[in-house]
Amino acid sequence: MRASGRLLASVFEALDRLPLEGMSTLQVNDWVERFIVDELQARPASKGQYGFAYVLNSSVDNVVCHGVPSDAEILRGGSIVNLDITLEKDGYIADSSKTYLIGEVDFQARRLVRVTREAMWKGIAVVRPGATLGDVGFAIQQHAKAHGYSVVREFCGHGIGREMHEEPQVLHYGKRGAGLVLEAGMTFTIEPMINQGRAAIDMSEDGWTVTTRDGKRSAQAEHTVLVTDAGVEVLTLRSDERGLA
């Protein structure tokens, strides 16, 4: 899991250097596939999962999650896009996502992305043996609510290891002390989806793309974490995040 997590972190570090503005989301998908397969000698775990044909989800502006890459969708200045990528190496899977600012983005979008990232880290910060999944969800929900945002409830984090989606479900809302008690050795994702407006969502006709019902923006941040004897280790930690974990 550590090895897969390090490799996936390197994918995002490479994307950070890629000029995303003007690229289509399918071009980004194809670039990521080449990087994972050719450079890292790993497998893009999302491709073929549940019949999905691509290696990543590209969720732009009001798309909450599971956006489908397309030649027709161009990343233009002023937009935000969440890139959600999974990677398998030697039988173990890591999962992470990052919301990118494309070109000059307005203050409201920058604030949403920042608070979403902070909410994820608030959830990560409470992970330790003896804490509960309710503690994680409560920390995320409280941070989002304090900034006037809503938390999507229909999608959640999940256990991960040899399979992409394992138990337990990791909700991004909850009550302190409720839910599964965490134990050292558990690995799971924390991946809140935070909306500018209401939490209500709609499913698109393609059967994948989830959008905000009110048309306002949504952002997401995600890491794969390990519960350790001392607390938590972020397996997909990127170099620009060192000092946050």
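Could you tell me the distance between the Cα centroids of region 72-143 and region 145-200, to the nearest Å? Cα centroid of region 72-143 versus Cα centroid of region 145-200: 11 Å apart.
The count of lysine pairs in the chain with alpha-carbon distances below 24 Å, taking only pairs 8 or more places apart or on different chains, stands at 11. Rounded to whole numbers, the Karplus 3J(HN,Hα) couplings from phi for region 26-34 are 6, 4, 5, 4, 5, 5, 5, 4, 4 Hz, using 6.51 cos²θ - 1.76 cosθ + 1.60 with θ = phi - 60°, and x at Gly and Pro. Across region 89-94, coupling constants 3J(HN,Hα) worked out from phi with the 6.51/-1.76/1.60 Karplus curve, θ = phi - 60°, read 9, 6, x, 10, 10, 10 Hz, and Gly and Pro carry x. In the chain, helical runs assigned H by DSSP with n ≥ 4 each contribute -39500 (n - 2.57); averaged across all residues and rounded to the nearest 500, the mean residue ellipticity at 222 nm is -7500 deg cm²/dmol. Given +1 at the Cβ of Lys and Arg, -1 at the Cβ of Asp and Glu and no other charges, the dipole of the chain around its Cα centre is 840 debye to the nearest 20. Out of PHE12, PHE52, PHE138, any idea which swings most in a Gaussian network model of the chain, alpha carbons joined below 10 Å? Result for the chain, Cα springs under 10 Å: PHE52 fluctuates most. Along the Cα-to-Cβ line of ALA72, 7 Å from the Cα, sits a label point; which residues in region 10-33 have backbone N less than 16 Å from it? Answer for region 10-33: 24-27. Placing unit charges on each Cβ (+1 for Lys and Arg, -1 for Asp and Glu) gives the chain a dipole about its Cα centre, and among ALA14, ILE190, SER46 the Cα reaching farthest toward its positive end belongs to ILE190.
Whole-Hz Karplus values for region 6-14 come out as 5, 5, 5, 4, 5, 5, 5, 5, 5 Hz, taken residue by residue from phi with 6.51 cos²θ - 1.76 cosθ + 1.60 and θ = phi - 60°; glycine and proline positions read x. Net charge in the neighbourhood of GLN220 (other residues with Cβ under 9 Å of its Cβ; Lys, Arg +1, Asp, Glu -1) is -2.
Any read-out appearing in this document is the output of simple, stated calculations on the displayed coordinates, not a laboratory observation. Remember, predicted model here, so these are calculated numbers, not experimental data. Cβ coordinates were reconstructed from backbone atoms using ideal geometry, including for glycine residues, and neighbour counts include every protein chain displayed.
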